[in-house]
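J.: Take this structure, written in structure tokens, and hold onto it; I'll ask about it next.
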Amino acid sequence: MSSLSLKIDGMTCAACVTRLEKALNAVPGVSAANVNLATEIARVQGTAPAAALIEAVEDAGYEAAVAADEFAAPVGQGAPRLWEVLLGVGLTLPLVLPMAVPSLMLPGIVQLALAGIVQGQLGWRFYLHGWKALRAGSGNMDVLVALGTTAAFGLSLYLLFVHGGHHLYFEASAAVITLVLLGKYLEARAKRETGAALRALAALRPDKAILIGPDGAEREVPADSLKAGDVVSVRSGARLPADGVIVEGESALDEALLTGESLPVAKGPGDAVVGGSVNGEGRLHVRVTATGGKAFLGTIMRMVADAQGAKPPIQRLVDRISAIFVPVVVGIATLTILGWLIAGAGAEAAIIHGVAVLVIACPCALGLATPAAIMVGTGLAAKNGILIRDPAALEAARTIDLVVFDKTGTLTEGKPRLVGLQALADLTEEEVLAIAAALQASSDHPLGLALRRAAEARNLALPTVEGGRSLAGRGVAGTVSGTDYLLGSPRAAAEAGAELPTDTIAEGATESILLAGNRAIARFAFEDGDRPGSAEAVAQLTARGVATAMLSGDRRAAAEVIARRLKIGDVRAEVLPGDKAAAIADYRGQGRVVAMVGDGLNDAPALAAADLGIAMAGGVDVALATAGITLMRPDPRLVPAALDLAAAVSAKIRSNLFWAFAYNVVGIPLAAAGLLSPVVAGIAMAASSVSVLGNALLLRRWRPGR
């Protein structure tokens, strides 16, 4: 399975999207196809070759090419150019002005000349794309415009040459075409703005890099040619061309546009660095570890692009409506004409009312309502350190009423320190500490790291461990000098049959017990500091009416101390990693809509079980596939910010869809009733697309905490 992006030319409305997706999904080897009207990109999953996909697009009446850079602004090749819009305005004004000043009425033959240029030259695109759609067995906006303007133009020709009529409708056909062109021109400009945030991320990738050869000589090469293992030189003020590790030099790197971290981060030899960040004062030599799509910046852009190309659940309703929209509108226009004829109106009035129905019903706004809001929102989120990976998360975020936090590494820093040690047998503190640290020698568990740091601080020599192994959720075990040891939680020690002291070493501290066989020979106490921003995040959620809870594998006493300090309402302690998903299911069973926040390690089942999974990444880590939202830096305050932004995007989608539907629900009956002329209908139709895009762009005013 692979993913391929195609640049599509010729789409005009939601009906085009529906038809293209149907055509692409019918190609053998395609497992899924999503078409985005706002980006003009089709994302196709499967094994089908590019040639077959392009052929399917062309058979459907459009043009396609493999997207060399899908993050570029939509080129809008099918969009009208400025000179076409200005020409249309210049030719149409003399036809429309007599509606306000009758003395300016032009002779019929002059009206025909002006309207004929608009209809034949500027309106040709609607006939071309409309014919392609009909040939493919479907309809789109172009079909409606072509039918409506042709009817008005043809009626005027009939009245002019057959009846020598003085009341002609050339202004209707010319004005509709000009207004549609103006709307499409403004729409194309607004489309380019919707993806500005993502293109700002793409702009962080430098085009050139300074490669250091084996002989130490430096030469400039394209950044795209770098590969893992290359060493590059990064001058002061330059952007890093790829992810890597510093091998020489010290500096402070500005990673604000990547991670949201406002202050430069000090880096030196051995530190990991991220491509796209800005080098400070020092000169660095960096060994490349990842480039292109595998680098941190490339991964972020891919995740954002995936989210922009995907569809939230509400879009399914839009797709179903779009599939039948054009035939229904043509049917309504036909019934409108017949109804007016039956009512005794003349053929002229009946046709003009039918034309108004066709014009006002163009479904441009319907196709742009959802993708425009998603593009602006997800791009804005990425700039603020929030990755919305799944548009379904936008729907879920609206109704979240409980946020459940993992404790270690999420609300706390995940870097506990040893604050208490008690030997319970005939061994010394140094001996039991050396054994415990040796059992944790190959573990990355935070408590294991704390034990090793404490042993190093005392310069202890660690014994050899045989048969070392990890016991999921319980601890580690191994044999030292013929004795079997187990280092784990008090719960694991009790399950092994050990008798434990009833007192505590430190109030609220997390304890680990060292067993020799089933006998407790030592206990260790650890404390983990609160992560900066944890208390503020909980307070912000509470102020928004969202309840909070905490899951922890620690003892209840230790977990409750932190919960009281952070003012978290509900605590579930001594929860094994495998039981976290069950706890989430229990909350949901109580009728709560749950968001789970974890550090993306052992929280995957709980993240998947929640209504909304929020993974807190650290450094250059990326989100788990189970999380709908990823926080690019370990700042709990991004949790309420993510919920706020997701809810804002979801609300914007709904308001866009409301207005897109409202234009048609209100406009079509008014046009059918003869209360809207084709000119006014054209203005309303053009305004609908522009207003939907403008409404989406208002999201750019959002700021975290506002």
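The values are calculated or read from the model by the stated rules, or taken from the named source; none is laboratory data. What you are looking at is a predicted structure, and each value in this text was computed from that prediction instead of being measured. Positions of Cβ are backbone-derived with ideal geometry, glycine not excepted, and every protein chain shown enters the neighbour counts. In case anyone asks, the SASA skips ligands and DNA or RNA and just uses the protein heavy atoms, side chains included. Shrake-Rupley method; radii C 1.70, N 1.55, O 1.52, S 1.80 Å.
J.: Taking MET596 and the conditions (1) more than 16 Å from ASP635 (Cα to Cα); (2) open to solvent by less than 30 Å² (accessible area, probe 1.4 Å); (3) modelled with pLDDT of 90 or more, which numbered condition does it fall short on, given that it satisfies the others?
T.: Going through (1) more than 16 Å from ASP635 (Cα to Cα); (2) open to solvent by less than 30 Å² (accessible area, probe 1.4 Å); (3) modelled with pLDDT of 90 or more one by one, MET596 breaks only (1).
J.: So, of the residues in the range 58-71 that are at pLDDT 85 or above and either among the aromatic types (Phe, Trp, Tyr) or within 26 Å of the chain's Cα centre (by Cα) (or both), which turns out to be nearest to ILE8 (Cα to Cα)?
T.: Among them, the one singled out is ALA64.
J.: Additional query: What residue, among those in the range 415-463 that are of a type in the set (Val, Ile, Thr) and modelled with pLDDT of 90 or more, is most open to solvent (accessible area, probe 1.4 Å)?
T.: Going through the qualifying residues, I end up with THR428.
J.: Can you report the number of residues in the range 384-443 which are in a loop (DSSP other than H, G, I, E, B) and either among the aromatic types (Phe, Trp, Tyr) or closer than 15 Å to PHE526 by Cβ (or both)?
T.: Summing the residues that are in a loop (DSSP other than H, G, I, E, B) and either among the aromatic types (Phe, Trp, Tyr) or closer than 15 Å to PHE526 by Cβ (or both) in the range 384-443 gives 6.
J.: For the range 431-453, which positions are farther than 19 Å from GLY482 by Cα and touching a strand residue (DSSP E or B) at 6+ places or on another chain (Cβ under 9 Å)?
T.: SER442, SER443, HIS445, PRO446, LEU447, GLY448, ALA450, LEU451, ARG453
J.: Right, here's the next one. Select, from ALA535, ALA477, the only residue that is closer than 26 Å to LYS580 by Cα, crowded, with 19+ Cβ neighbours inside 10 Å and at pLDDT 85 or above.
T.: Just one listed residue meets the conditions, ALA477.
J.: Can you tell me which residue is modelled with the highest pLDDT among those in the range 600-615 that are surrounded by fewer than 24 Cβ atoms within 10 Å (Cβ to Cβ) and in a loop (DSSP other than H, G, I, E, B)?
T.: ASP611
J.: Can I ask one more? For residues in the range 82-104 being touching a residue at least 12 places away in the same chain (Cβ under 8 Å) and under 18 Å from TRP124 (Cα atoms), which is surrounded by the fewest Cβ atoms within 10 Å (Cβ to Cβ)?
T.: LEU82
J.: Here is a further query. Is it fair to say ASP401 is within 30 Å of PRO532 (Cα to Cα), out of contact with any helix residue (DSSP H, G or I) (no Cβ under 7 Å at 6 or more places or on another chain) and open to solvent by less than 20 Å² (accessible area, probe 1.4 Å)?
T.: So ASP401 does not fit the description; no.
J.: Still on this structure, I have one more. List the pairs whose first member sits in the range 245-256 and is more than 14 Å from GLU281 (Cα to Cα) and in contact (Cβ under 8 Å) with a residue 40 or more places away in the chain, whose second member is among the basic types (Lys, Arg) and surrounded by 15 or more Cβ atoms within 10 Å (Cβ to Cβ), and whose Cβ atoms are under 7 Å apart, counting only residues at least 6 apart or on separate chains?
T.: Going by the 7 Å Cβ cut-off, the qualifying pairs are VAL245/ARG287; ILE246/LYS267; VAL247/ARG287.
J.: To continue, here is another question. Please determine whether any residue of the range 119-129 is over 19 Å from GLY183 (Cα atoms) and basic (Lys, Arg).
T.: No, the range 119-129 contains no residue that is over 19 Å from GLY183 (Cα atoms) and basic (Lys, Arg).
J.: Scan the range 384-398 for residues that are more than 21 Å from ALA547 (Cα to Cα), at pLDDT below 80 and open to solvent by 10 Å² or more (accessible area, probe 1.4 Å) and jot them down.
T.: Listed by number, the residues that qualify are ARG389, ASP390, ALA392.
J.: Looking for whichever is within 19 Å of VAL96 (Cβ to Cβ), in contact (Cβ under 8 Å) with a residue 40 or more places away in the chain, touching a helix residue (DSSP H, G or I) at 6+ places or on another chain (Cβ under 6 Å) and among the hydrophobic types (A, V, I, L, M, F, W, C) here; the options are ALA672, ALA684, ALA660, ALA696. Which one fits?
T.: ALA684
J.: Also, quick follow-up: Just to be sure I understand, how many residues within the range 549-570 are on the phi < 0 side of the Ramachandran plot and open to solvent by 10 Å² or more (accessible area, probe 1.4 Å)?
T.: Qualifying residue count for the region: 13.
Every residue, every condition in (1) open to solvent by less than 30 Å² (accessible area, probe 1.4 Å); (2) at pLDDT 85 or above; (3) within 20 Å of the chain's Cα centre (by Cα), yes or no:
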{"site": "ALA617", "(1), (2), (3)": "yes, no, yes"}
{"site": "ASP621", "(1), (2), (3)": "no, no, yes"}
{"site": "ARG637", "(1), (2), (3)": "no, yes, yes"}
{"site": "ALA660", "(1), (2), (3)": "yes, no, no"}
{"site": "GLY667", "(1), (2), (3)": "yes, yes, no"}
{"site": "PRO678", "(1), (2), (3)": "yes, no, no"}
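Here's the yes/no breakdown for (1) within 30 Å of THR630 (Cα to Cα); (2) surrounded by fewer than 13 Cβ atoms within 10 Å (Cβ to Cβ); (3) modelled with pLDDT of 90 or more; (4) touching a Lys or Arg at 6+ places or on another chain (Cβ under 9 Å):
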position	(1), (2), (3), (4)
ALA200	yes, no, no, yes
ARG205	yes, no, no, yes
ILE210	no, no, yes, yes
ASP215	no, yes, no, no
ALA223	yes, no, no, yes
SER233	no, no, yes, yes
GLY260	yes, no, no, yes
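J.: Separate question: Cβ-Cβ distance below 6 Å, separation of 6 or more or different chains: which pairs start in the range 507-529 with a residue that is more than 16 Å from ARG452 (Cβ to Cβ) and touching a residue at least 12 places away in the same chain (Cβ under 8 Å) and end on one that is of a type in the set (Lys, Arg) and open to solvent by less than 20 Å² (accessible area, probe 1.4 Å)?
T.: Once the first residue is more than 16 Å from ARG452 (Cβ to Cβ) and touching a residue at least 12 places away in the same chain (Cβ under 8 Å) and sits in the range 507-529, its partners that are of a type in the set (Lys, Arg) and open to solvent by less than 20 Å² (accessible area, probe 1.4 Å) give GLU511/ARG523; ILE513/ARG523.
J.: So GLY468 ticks every box in (1) under 30 Å from VAL597 (Cα atoms); (2) touching a Leu at 6+ places or on another chain (Cβ under 7 Å); (3) at pLDDT below 90 but one. Which box is left unticked?
T.: Here GLY468 meets the rest and fails (1).
J.: If you scan the range 511-520, which residues turn out to be surrounded by 14 or more Cβ atoms within 10 Å (Cβ to Cβ) and more than 20 Å from LEU418 (Cα to Cα)?
T.: Within the range 511-520, ALA516, ARG519 meet the criteria.
J.: Same structure again: Restricting the search to the range 497-510, which residues are crowded, with 18+ Cβ neighbours inside 10 Å and either β-branched (Val, Ile, Thr) or at pLDDT 85 or above (or both)?
T.: ALA498, THR510
J.: Which condition number does GLU281 fail, the rest of (1) outside any helix (DSSP H, G or I); (2) under 30 Å from the mean Cα position of the chain (by Cα); (3) modelled with pLDDT under 80 being met?
T.: Here GLU281 clears every test but (2).
J.: Could you check, for the range 556-572, whether at least one of its residues is farther than 30 Å from PRO704 by Cβ and not charged (D, E, K, R)?
T.: The answer is yes, given that some residue of the range 556-572 is farther than 30 Å from PRO704 by Cβ and not charged (D, E, K, R).
J.: Report yes if GLY130 is open to solvent by 30 Å² or more (accessible area, probe 1.4 Å) and small (Gly, Ala, Ser), otherwise no.
T.: No.
J.: More than 30 Å from ARG588 (Cβ to Cβ), modelled with pLDDT under 85, under 34 Å from the mean Cα position of the chain (by Cα) and open to solvent by 10 Å² or more (accessible area, probe 1.4 Å): does that describe GLY529?
T.: yes
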